[in-house]
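These notes are about the structure you will find just below.
The values are calculated or read from the model by the stated rules, or taken from the named source; none is laboratory data. For clarity, every value in this text was computed on a predicted model and none was experimentally measured. Because the Cβ atoms are built from the backbone with ideal geometry, glycine has one as well, and the counts that use them run over all protein chains shown.
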Amino acid sequence: MKLSEKDMLENMFKMQQRLNDETNGEGWESGYNKYGKIISWKRCIYMECAELIDSFSWKHWKSIKAEPNWQNIQIEVIDIWHFVMSLALEEYHSKKLGGADKIIQYILDNKSFKMFCKEPKKTDSAEQMEIINQVERVIHITSGVDSDIFEKIISEYFTVAYNCGLNIYSLYKVYIGKNVLNGFRQDNGYKEGSYKKVWGDVEDNVVMNKIINKTPAITPEALYKSLEEEYKKVS
């Protein structure tokens, strides 16, 4: 049965809430994790945006004819989505605006999200500088002092994601994969620094992506088991 856009958003927000609860401890919406360390979702977003920009061939002095790494670009866009959702959950909680249901309704009503629900756009290397400009607008918003961030970046985010070749269906598929991978990392020493992010000669992101592309209907439980099997080979 095909999920609706609302179903997909509800599933992703539930998974993000659970991941944040497990990683940071319940009550992280106050801005601190269970160890008393400050959480800055804004910083998470603009640092991931910088990584996203680095996946484009923007350097005028190096590999000037290189093609953008679209696969890695899409993974970085989805990494940013984790933090956008987390920022929204924190903002709505701290300002007593409601829970995930209110956030989801706001997204469903957003014009950029409605475009994002259409067929994915074919990526175009000629547009990479315009996409970088769009990403930099997200950085500008999240690096400022304004406290009302989520509703200001949501349109920009979905515009970037759409121009990078994603739509709600591909975002959902890879988000599920990254959510499971993030949980796997935490379970295997990521916080303590003992986790190996490079498996053989590729990053775990690439391994995860290969698994979900090979088995599109894979369940989160089956994906976790497959990651365990692959990680044993490099541990």
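Can you tell me which condition Phe56 does not meet? The list is (1) buried (at least 18 other Cβ atoms within 10 Å of the Cβ); (2) of a type outside the set (Lys, Arg); (3) over 17 Å from Phe158 (Cβ atoms); (4) within 17 Å of the chain's Cα centre (by Cα), and all the others hold.
With respect to (1) buried (at least 18 other Cβ atoms within 10 Å of the Cβ); (2) of a type outside the set (Lys, Arg); (3) over 17 Å from Phe158 (Cβ atoms); (4) within 17 Å of the chain's Cα centre (by Cα), Phe56 is out only on (4).
From the list Ile218, Ile212, Ile131, which one is closer than 30 Å to Gln105 by Cα and in contact with a Gly (Cβ under 7 Å, 6 or more places away or on another chain)?
Ile212
All but one of (1) buried (at least 17 other Cβ atoms within 10 Å of the Cβ); (2) at pLDDT 95 or above; (3) under 18 Å from Lys191 (Cα atoms) hold for Asn33; which doesn't?
(1)
I need a count of the residues in the range 202-235 that are assigned to a helix (DSSP H, G or I), within 21 Å of Met15 (Cα to Cα) and of a type in the set (Ser, Thr, Tyr).
So the answer is 2.
Any residue that is touching an Asp or Glu at 6+ places or on another chain (Cβ under 9 Å) and over 30 Å from Met129 (Cα atoms) - is there at least one of those in the range 201-220?
yes
For the range 179-186, does any single residue satisfy the condition of being buried (at least 18 other Cβ atoms within 10 Å of the Cβ), out of contact with any strand residue (DSSP E or B) (no Cβ under 6 Å at 6 or more places or on another chain), within 30 Å of Lys225 (Cα to Cα) and free of Cβ contacts under 8 Å to residues at least 24 places away in the same chain? Spell out the reasoning first.
The first filter runs over the range 179-186 and keeps only residues buried (at least 18 other Cβ atoms within 10 Å of the Cβ), leaving 179-185.
Checking which are out of contact with any strand residue (DSSP E or B) (no Cβ under 6 Å at 6 or more places or on another chain) leaves us with 179-185.
Those still in the list that are within 30 Å of Lys225 (Cα to Cα) too: 179-185.
Narrowing the set further to residues that are free of Cβ contacts under 8 Å to residues at least 24 places away in the same chain leaves 185.
Taking every residue of the range 179-186 in turn, at least one turns out to be buried (at least 18 other Cβ atoms within 10 Å of the Cβ), out of contact with any strand residue (DSSP E or B) (no Cβ under 6 Å at 6 or more places or on another chain), within 30 Å of Lys225 (Cα to Cα) and free of Cβ contacts under 8 Å to residues at least 24 places away in the same chain.
Could you tell me which numbered condition Gln105 fails, if it satisfies all but one of (1) modelled with pLDDT under 95; (2) part of a helix (DSSP H, G or I); (3) surrounded by fewer than 14 Cβ atoms within 10 Å (Cβ to Cβ)?
Every condition holds for Gln105 apart from (1).
Val174 passes all but one of (1) farther than 30 Å from His93 by Cα; (2) assigned to a helix (DSSP H, G or I); (3) at pLDDT below 90; (4) hydrophobic (A, V, I, L, M, F, W, C); which number fails?
(1)
Residue-by-condition table, conditions (1) among the β-branched types (Val, Ile, Thr); (2) surrounded by 13 or more Cβ atoms within 10 Å (Cβ to Cβ); (3) at pLDDT below 95; (4) farther than 26 Å from His93 by Cα:
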position	(1), (2), (3), (4)
Ser147	no, no, yes, no
Phe158	no, yes, no, no
Tyr162	no, yes, no, yes
Gly165	no, yes, no, yes
Ile168	yes, yes, no, no
Gly200	no, no, yes, yes
Val206	yes, yes, yes, yes
Lys232	no, no, yes, yes
